Structures are given as structure tokens and as C-alpha cells.
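Below is one structure, written out as C-alpha cells; the observations come after it.
The values are calculated or read from the model by the stated rules, or taken from the named source; none is laboratory data. Everything quoted here is computed from the prediction, not taken from an experiment. Cβ sites come from the backbone with ideal geometry, for glycine too, and all protein chains shown count toward neighbours. Side chains are part of the model used for accessible areas, which takes the heavy atoms of the whole protein and leaves out ligands, DNA and RNA. Shrake-Rupley method; radii C 1.70, N 1.55, O 1.52, S 1.80 Å.
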Amino acid sequence: MSDGALKPQISDDPYRTITSECMKLTRRGLSSQYPEFKDMEFKLEEPPSPDFGDLSTTLCFQVSKATGTPPMELAQKIASSIKIGDSLVESIEVGGSGYLNFRLDHKRVNELTLTSIRALGCDYGFPKTNKPERILVEHTSVNPIHPVHIGQARNTVLGDAVARMLRARGHNVDVHFYVNDAGRQSAILAYGYRKLGQPKPDIKQDIFLGQIYSITSCLVEIQALKRRIGEIEGEAITPEQRELQEKLHEWVSAAWELQERYPKLFSVLQRETSQENDIEDQVNALLKEYEAESEATKQLFRHVSNLCIEGFKRTFLRFGVHFDFWDWESDLIWSSRVSETLSRLRQTPYVTVQNGVLRLQSGKAVQELGIRSLLGIGEGYDLPSVALTRSDGTTLYLARDISYSLKKFEGHSAVINVVGAEQAHEQLHVRVALAVLGLKELAGRQRHFTFGLVRFPGEKMSSRKGRVITLDEVMDEAVRRAQLEIERRTPDLDEKQKRRMAETIGIGAVKYALLAVEPSHEVDFSWERVLDLEANSAPFINYGYTRAKSILGRLGKIPSHVDYGRLNHPLEKRLILRMAAFPNIFVDATDRLRPDDLAGYANQLTEQFHEYYEHVDVTHLEDLELKNARGALVEAVQTVLRNCMAVLGIELSERM
């Protein structure tokens, strides 16, 4: 180190350390020239070109609006009044029409950043919050009636990433799966399974049960539609009849598809139900018996649900996802929590009884309780009333979800529900109900993390009609495609290694594809993009990681003490500043629940690393000090890529 240099230090957020110094110097100049604005908030940004410095601020434009003084004049006064002294900042310049541009002392910035990364290792990038909370994250919660399909898998991968990020931030996180076993769909499956004589699955449990559910659901719908058409049949065809006939045609077409795919199972179920004139009534009766804890029905539903969950757990194990708790919907009902919650709601002026159905008057509650802002509901929108029970007294999903929300807050200060965009209204009604119960604070601390659908080109999915692409199928195909590429690139590897690499790369590719798109947007899933080695994919990032590992293998052990001041190439400076920013980006992404920001960061860092390696010699240097410094830089890239992907739940292969 040169005379006067700062003592090497370790920072859990080098970028914050750097920007804090820039801001401190700026405020010093602002205070001396314009003390009335010394507390003004301003931001630092990276300019579009390194010609304008390393960081920049538009502060002078903000002050100009308040004073009428030209920004350039303000910038010149502030810059000239700042005495930099011993700092990470080398100089402050005036640029454009009034920007303040900061040029950093890259020797010190390099040392701060790379020393921190090398010292912290796996912990680098994850500053801890000063206010840790106990947070419950509920995600996936697939009905236990069929295997997890690719659309639901986006829920899984987003929820898992959010939980990992929050834990890395220092929060105490419990991950819950809500087992929806008390709904009509579960009753349809239980009915079909019982009609088959409760057979033992000869394939993966959730796949087998999904086949039974799709066939039974199809037969139930066809019978119900035929009955309804018969009830309103007349001489003239009405619009209602035409609509019902169209629906019947759709379901008959679905039945033909199911019969073709599962001939034996379809034949047995069709035979067993053909003499039944009231399948739907029997399904509803089963549901009512389950809520009433009829022992035989309880055993049937629980057996079917547990079978399906066994299949889920096999899928999640392969996908690298873990749940801390499995919460049963039926347990809420049997514990009297739901009935107690409904009793409390009935005592408020916002629940009414209409034709034997309990209804929550959400619009009235929003207006009278003044919770539009709390719930993010615009002035021009009126939330409609919603049913909490059926006319036969059985509870609907919403009633149970309100009770479940109350349970979630027992021991937790915040709740995050990872639920599809199509349930936005349902989630709003739950929060309205919390406010109706006098729990506005809880309504504000329950967050709906919404996400868009996953679309396969040319595919229209429907679990009821058996038209789904399962997560198991997608993982199998991803691994198969990855293995073909591995065979082409490294044919000499033994089969066990190839399989392990393909599993890691293929599954990582699927996860990244579901994470990299902004959560609220839809994902168009295409294999060309998912396994692209050239851009924005897990294999692309993995290739950057293994390239770094290969370079380090050629360089050998990097000394602990390195002259980071030798790293003065423009691409090196940019790469190091990008790595310095990782903790800052992680904190922002976690606080905003945006795993896609971390995926984008990993992709950008990989792009910069590839560009660096293609333009700067790292391994063929005679200058040992420079070689070691560049080796330390490559080592840091490898660490940051690994850490960033790991906090998203994506494992990187050590070879490609």
C-alpha cells in the first residue's frame, strides 16, 4: 500500500461504504454553500459511460428548482468547496449541464471490495437487518389431487427464493404448505378413489391420483350438464341451452382424450359410476361428512391426501425445496377455529345472511373502515360482497382462509402469501375480514406476493381435464436435454458424473427460467431460452462460474496478500464495482421481494466477466503480481456468482 492509504477493511456492503463517502463529501460541500439544503435527499447512480466518472448525482438539478440558480453554477460552487482528503473518492468533477461526477480511488475500492469478498466467502453479499422479524411464508399449497404442474412450480420456486432471501437477510422464516383437503375437488377425488376400491398406486402417487381426479371430475361434469339440459329442455333452443350444450361438448371431448390416455382406469370408473344418477349429490355429501368428522370419510380423505403429498415430497426433494410445516385445512375446521371466526364476523355489521348463505359485505367495510389506502384499493373501485358459506351450511374456502390467516399471525409478525394473480380478490377479502375483526394492523402486515402464469407455446392446461404439464415431466426433459449437451461437449466423463451434472444443470435451468421474469409478469417457457448457453439462463451463468473455476485451476493457489492496485484496466474497475454492489442489490431485492433482480444481477455479472476474460489476459502473464491480482478478481467473481445463485435456490455444477 502507498503512503496515506486507508487501512484494509472488511465491509459487508462495500458499495454502501463507497456511496456513503460520496454522499458525505457532497453534503459537506452543500452545507458550506447552501446550508438550508444540507438535509436534502438525493441519489447516486452509475453514469452511462466511465468517461463521466464512476458515480454521479443530479442533486444540483434538485437544488436549482428550489433556488432558480443554474445547475452548472451550483455544481461548480459545490465541487470547488469540497476538500476530499483521505477517501475512497479520488476526485469530484462537474459534468454535462450540472452533474456532480465522482471518480473513485480504484486501488482502495479494489482492496475494500476484494478483501471483503475473500474474507467473507459464502457470507459475502448478505448484510443482516437491524430489525429481524419472524416471518411466515406460505407458498405452493397445491390441492392434493394431482401432481404439481409447471404453472404451480413457479409459485414453488418464487416462494422458496423469497424464504431463502429473507433468511439470508437475518429474518426468522417459517415456510408453510397449506393442504387444501376440505374442498369440492378433494371430495371428487375421494369419491372416484373409493369407487375404484381404494387401489394401491402402481406409479408415482400424485400422478396416479391425478388420473383418477381428472376422469372422475369429467364424469361428474358430464352428468351434471346433461341433467341441467334435461331440466330446461323445450321446443325452442334458448341461449342458456346453447351455452350448456357447448360446455357439454367440451367435456365429452375431454372424456375421449382421457379414455384414450388411460383406457383401463377410465373404463372402470365409467362402469362404476354409470348406474349413479346423483354423483354430484354424493360428492357434496362426502364433503359435508368430512367437515362433520365422519370417521370413515375422514380416513378416506386423509388417506388420499397423504398419498398425494408423498408424491409432492418426492418432487420437491428433487427440486431442492423444503417446507417446515404442513397445515391441514380440515384441522382448522375440526378445531372449531373456522366456526369461531364466522361467529365473530357475524357479530359485526359487515356480515349478512342471504338465502341461508353468510356474505361478507367487503365494499361497505372498505368504505366505512377507511382502509382503501391500507389495502391499495383505488377510489373508483368497489369490492363486491362475497359468500363465506354454502346454503347447506358448509364453509367455503374464503371462510377457512380467514381463520388460517389468524392462525398464521400466532408467533409471526408478518405473513407473505405466495399466491397467483387470479386470487387477488380472494386475498383482498381476507384482509378486509381481518380489518372487520378489528385487526387492521394484521391486515397491513399480510402481503400477497402475486405472480403470473406460465405458458407453454401451443399448450392449454387444465388439471380438471387432465391437460397438464407436470413439474416432474419438465425436470425430466430438462435433464435429458442437458445430458445430450454434456455428451456432446465432454463425452469422456463417466456416466455417473454426466447424470449428476445433467441433473444440476437441468433443474437449475428450470428454476432460473421461472425466477428471472418479473413475478407479476407471465413466463413464456421455451426450451431454447431455458437452456441457452449464450445469454440470460442458468446454464449461461453456470458456464461463467465453471470458466472462473477453470482459470483458477490453471493459476493455482492465490496468495492471501495481493496488490489490488495493479487492477486498473477499465473492465476490471467496472467488474469490481459491480461485485461491490451485490450486497446493496441483495438488500433492495429482498426488501422489495424481487428475486428476479438477483437473477438479472447474476446474468449481468456473468456477461461482464465473459467480456473481461475475452479482452484481458489472465493466465499468460509473466508479471506474477498482476497475475495474482487478476486471479483474486476471478476468484471473487466465482464467489459472488455462487452466492447469488445459492440464495435463489439454484445449485451450480462444478463442471460443464
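Let's see how each residue does on (1) open to solvent by less than 30 Å² (accessible area, probe 1.4 Å); (2) at positive phi; (3) in a helix (DSSP H, G or I); (4) in contact with a helix residue (DSSP H, G or I) (Cβ under 9 Å, 6 or more places away or on another chain):
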{"site": "Asn143", "(1), (2), (3), (4)": "no, no, no, yes"}
{"site": "Pro147", "(1), (2), (3), (4)": "yes, no, no, yes"}
{"site": "Gln152", "(1), (2), (3), (4)": "no, no, yes, yes"}
{"site": "Arg167", "(1), (2), (3), (4)": "no, no, yes, no"}
{"site": "Val173", "(1), (2), (3), (4)": "yes, no, no, yes"}
{"site": "Tyr178", "(1), (2), (3), (4)": "yes, no, no, yes"}
{"site": "Ala187", "(1), (2), (3), (4)": "yes, no, yes, yes"}
{"site": "Gly192", "(1), (2), (3), (4)": "yes, no, yes, yes"}
{"site": "Phe208", "(1), (2), (3), (4)": "yes, no, yes, yes"}
Residue check for Ser20: closer than 27 Å to Asp123 by Cα, at pLDDT 90 or above and either in contact with a helix residue (DSSP H, G or I) (Cβ under 6 Å, 6 or more places away or on another chain) or assigned to a helix (DSSP H, G or I) (or both): yes
Yes/no for Val562 being β-branched (Val, Ile, Thr) and not in a helix (DSSP H, G or I): yes
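Could you tell me which of the residues Phe323, Phe301 is modelled with pLDDT of 95 or more, more than 25 Å from His448 (Cα to Cα) and within 32 Å of the chain's Cα centre (by Cα)?
None of the others qualify; the one that does is Phe301.
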Every residue from region 394-408 that is buried (at least 20 other Cβ atoms within 10 Å of the Cβ) and over 29 Å from the mean Cα position of the chain (by Cα): Thr395
Close pairs from region 629-650: first on the phi > 0 side of the Ramachandran plot, partner surrounded by fewer than 24 Cβ atoms within 10 Å (Cβ to Cβ) and among the charged types (D, E, K, R), Cβ under 8 Å, at least 6 apart: Gly649/Arg164
Lone qualifier among Met40, Met72 - being open to solvent by 20 Å² or more (accessible area, probe 1.4 Å) and touching a Cys at 6+ places or on another chain (Cβ under 8 Å): Met72
Asn628 being assigned to a helix (DSSP H, G or I), of a type outside the set (Ser, Thr, Tyr) and closer than 25 Å to Met475 by Cα: no
Unmet criterion (only one of (1) at pLDDT below 95; (2) among the hydroxyl-bearing types (Ser, Thr, Tyr); (3) within 21 Å of Leu575 (Cα to Cα)) for Ser32: (3)
Some residue of region 627-641 being within 24 Å of Pro519 (Cβ to Cβ) and modelled with pLDDT of 95 or more: yes
Residue list for region 527-578, filter: over 18 Å from Asn603 (Cβ atoms) and of a type in the set (Ser, Thr, Tyr): Ser550, Ser560, Tyr564
Strands (runs of 3 or more DSSP E) contained in region 287-393 and holding at least 2 residues loosely packed, with under 12 Cβ neighbours inside 10 Å: 351-354
Checking Lys627 against (1) farther than 30 Å from Leu136 by Cα; (2) open to solvent by 10 Å² or more (accessible area, probe 1.4 Å); (3) touching a Pro at 6+ places or on another chain (Cβ under 9 Å), the condition it does not meet: (3)
Members of region 536-547 that are open to solvent by 40 Å² or more (accessible area, probe 1.4 Å) and in a loop (DSSP other than H, G, I, E, B): Asn536
From the options Ser385, Ser405, Ser343, Ser391, residue that is over 30 Å from Gln282 (Cα atoms) and hydroxyl-bearing (Ser, Thr, Tyr): Ser405
Residues (of a type outside the set (A, V, I, L, M, F, W, C), in contact (Cβ under 8 Å) with a residue 24 or more places away in the chain and in a helix (DSSP H, G or I)) located in region 592-605: Pro595, Asp596, Gly600, Tyr601, Asn603, Gln604
Condition check for Ile117: buried (at least 21 other Cβ atoms within 10 Å of the Cβ) and over 30 Å from Pro559 (Cα atoms): no
Residues (in a helix (DSSP H, G or I), β-branched (Val, Ile, Thr) and free of Cβ contacts under 8 Å to residues at least 60 places away in the same chain) located in region 210-239: Ile212, Thr216, Ile222, Ile229, Ile232
